[in-house]
Amino acid sequence: MEIAKKIALRLLLIAIIISATALIYKRYFHYNFLKKEGILLSRLNHSINADYLFFSASSDYTFDPINDADTTRVSILAMNYCDKSIKSIAEGAHHAGVFKELIKHIPKHQIEGIIVAMNIRSFSPEWLTDINENALQQFAALYKPNPPLMARLNVALKNYPIKTKRELEKKRFEYFSNWKLPYDFPKNNIENWCAVEKYGDWRNPKRQLADHYIKSYAFVIDEEHLRLRDFDKIVELAKLKELNLIFHILPEDVQEAQTLIGTELTDLMSANRDFLINRYHFPKKNVWVVDNLEKVDHMDFTDRDFPTEHYNQNGRTIIAKSIAEQLNAIK
């Protein structure tokens, strides 16, 4: 009996120490840590006074540094065309796997809804196996709705999925050779399609760009795709928190894809867009998909060496108006 009392007292003391440590960390250290290492959660915590939160990657804020007279974010521009206030929760290269953890922190009945970028390229084998995925998994671990000290320890102890560069490259090559496409050889997978001679050998910049387009868009989204789990979870969270949910499919440079590769590639881009709309667009459930895939002209994309979702002033305005139109239509 005496031993049991001693054990109970020690356990109580340990619990008190842990609780005190957690309170001290939360009060004096966590806020500054988030400002440095978890900027999106810090931003979210200061943005609950808006009507809508806008979750995006760099497509929200990237601009043409030479020709843009107006460098305003898409999320801010959208407010020029609707009567809703919008706050941006955006950081470069982020995807739905990170956004879903942030959305868990939104208090119920505090805002009307969320707008979430739906980047078709984020479904690609290249994105799924990019070395940046390790950093995104770290952010996801930090943003999980755990007590602050636990979240900090998860990051410090690397308690999240981490893959080596070799592991990621191996998985990428498996995707390139095994992810079947609905075409005959040599366009039956990414590896064979990229091997087709076009615009000279691999040293030709135009050939390199063409191959980048194939690696970025030559895939088929189906029910088993890993990225769908992230978007499905966002739908579930929006329903749980009674939020309006707008997915907006980001514009891609379909014109350049058509010029470099041809209809086979742009047909895949369109089919993936249609799949996502059919899966998620249900206005009666307060979920809408805004289709911006082909709305921005080639000349309004700012990058020329690699396919990205970066737009000039005109491109960002087109996207903003499209999102605002949907916001205005919600009763």
- Highest-MSF residue in the chain out of Lys233, Lys198, Lys36 [GNM, Cα springs under 10 Å]: Lys36
- Message: Could you compute how much accessible surface Ser58 exposes when probed at 1.4 Å, giving the result in Å² to the nearest 10?
- Response: 20 Å²
- Exposure rank, largest accessible area first [Met150, Met299; 1.4 Å]: Met299, Met150
- Query: Using a Förster distance of 22 Å, how high is the FRET efficiency between His212 and His281, based on the Cβ-Cβ distance and rounded to 0.05?
  - Reply: 0.15
- Message: Given points 7 Å out from each Cα along the Cα-Cβ axis, report the Ile66 to Ser85 separation in nanometres with one decimal.
- Response: 3.9 nm
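Considering the convex hull of the alpha carbon atoms of the range 171-319, report its projected area averaged over all viewing directions, in nm², one decimal. Write out the running numbers ahead of the final one.
Working: hull surface 39.8 nm².
Mean orientational projected area (the range 171-319, Cα hull): 10.0 nm².
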- Task: Order Trp193, Trp127, most accessible first, counting only protein heavy atoms with a 1.4 angstrom probe.
- Result: Trp127, Trp193
- Query: Expressed in whole Å with the largest first, what are the equivalent ellipsoid semi-axes of the range 154-218 derived from the C-alpha gyration tensor as the square root of 5 times each eigenvalue?
  - Reply: 30, 15, 9
- Task: Would you kindly derive the ³J(HN,Hα) couplings of the range 111-122 from the backbone phi angles with the Karplus curve 6.51 cos²θ - 1.76 cosθ + 1.60 (θ = phi - 60°), listing them in order in whole Hz, with x for Gly and Pro?
- Result: 9, 7, x, 10, 10, 10, 5, 10, 8, 4, 5, 6
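Could you work out what % of the accessible surface of the chain is carbon and sulfur, using a 1.4 angstrom probe and leaving DNA, RNA and ligands out of the count? Don't jump to the answer; show the numbers that get you there.
Details: 9480 of 17190 Å².
Carbon plus sulfur share of accessible area: 55 percent.
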- Note on the structure: Mean accessible area per residue over the chain (1.4 angstrom probe, all protein chains present, square angstrom) is 52 Å²
- Note on the structure: Among His95, His46, His281, the residue with the largest mean-square fluctuation in a Gaussian network model of the chain built from Cα contacts under 10 Å is His46
- Query: Each label point is 7 Å from the Cα along the Cα-to-Cβ direction; what then is the distance between the points at His109 and Asn146, in nm?
  - Reply: 3.1 nm
- Message: Quick check on my link table: of Lys233/Lys284; Lys144/Lys170; Lys163/Lys233, which ones sit more than 26 Å apart, alpha carbon to alpha carbon?
- Response: Lys144/Lys170
- Item | His248 long-range amide H proximity, modeled H, under 5 Å | Val116, Ala117, Met118, Val290
- For the range 44-193, give the magnitude of the charge dipole about the Cα centre (Cβ charges: +1 Lys/Arg, -1 Asp/Glu; no others), in debye to the nearest 20. 740 debye
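Using only DSSP helix segments of four residues or longer, with each worth -39500 (n - 2.57), what per-residue ellipticity at 222 nm results for the chain after dividing by its residue count and rounding to 500? Mind dumping the intermediate values first?
On the way: 15 runs with 170 residues, N = 331.
The per-residue figure over the chain is -15500 deg cm²/dmol.
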- Task: Ratio to report: Rg/Rh of the chain, with Cα atoms as the point set and Rh obtained by the Kirkwood method; give two decimals.
- Result: 1.04
- Message: Looking at the chain as a GNM with Cα springs under 10 Å, which of Pro307, Pro125, Pro186 has the largest mean-square fluctuation?
- Response: Pro186
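The values are calculated or read from the model by the stated rules, or taken from the named source; none is laboratory data. In this text the structure is predicted, and so the values were computed from the model without any measurement. A quick note on method: Cβ atoms are made from the backbone with ideal geometry, for glycine too, and the neighbour counts reach across all protein chains shown. Calculation scope for accessible area: heavy atoms of the full protein, side chains included, ligands and nucleic acids excluded. Shrake-Rupley method; radii C 1.70, N 1.55, O 1.52, S 1.80 Å.
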